[in-house]
Amino acid sequence: MMRIEFILVLATRGEVHRRGYWHETIADGIREVKEETGIEVSARELIPLGVMNYEVVNETFIDREIAHTFVYPFHRSMHDFSVQIEEVSGMFKARFYDFFKLWFGRKVQIDIHGFVYFL
């Protein structure tokens, strides 16, 4: 019989990021979209692309994520966003077909349009 063990880690938000423990749910992601961009989305509007694993490690910060990645069909202007610049460093849009090819490795670059904030 296989034995499964779980470890529950309680930590402050700072410790969570420093040690790389942070994980979020889809509901957390939807809430953050609203907080960080001003745009309200619902789970039923999201188109799942799959899971992306990534990790960023430096001297003071570890960010390990298994990101369930979605596309949101947005048919309005980029000016409709109310961006929280402390959390969002830039935003870009691309043709979906081009993005699809990039995501699945059929292209290595695509045309994008948007902006970057320089603080």
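Things to note:
- For the range 63-100, a residue qualifies if it is of a type in the set (A, V, I, L, M) and farther than 19 Å from ASP28 by Cβ, and the qualifying residues are MET78, ILE85, MET91, ALA94.
Yes or no, residue by residue, for (1) under 24 Å from GLU40 (Cβ atoms); (2) in the same structural domain as ASP28 (by TED's automatic domain parsing):
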position	(1), (2)
TYR54	no, yes
VAL57	no, yes
PHE70	yes, yes
ASP80	yes, no
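- So PHE99, is it touching a strand residue (DSSP E or B) at 6+ places or on another chain (Cβ under 9 Å), hydrophobic (A, V, I, L, M, F, W, C) and surrounded by 10 or more Cβ atoms within 10 Å (Cβ to Cβ): yes
- Test: ILE39 is surrounded by 10 or more Cβ atoms within 10 Å (Cβ to Cβ), in a loop (DSSP other than H, G, I, E, B) and not assigned by TED's automatic domain parsing to the domain that holds GLU24: no
- Within the range 50-75, residues that are more than 20 Å from PHE92 (Cβ to Cβ) sit with their Cβ atoms under 6 Å from residues that are in a loop (DSSP other than H, G, I, E, B), at 6+ positions apart or across chains, in these pairs: ILE62/GLY20; ARG64/GLY20.
- Residue count, the range 102-119 (criterion: surrounded by 10 or more Cβ atoms within 10 Å (Cβ to Cβ) and among the aliphatic types (A, V, I, L, M)): 3
The values are calculated or read from the model by the stated rules, or taken from the named source; none is laboratory data. The structure displayed is predicted, hence computed values, not measured ones. Every residue, glycine among them, receives a Cβ derived from its backbone with ideal geometry; neighbour counts consider all protein chains shown.
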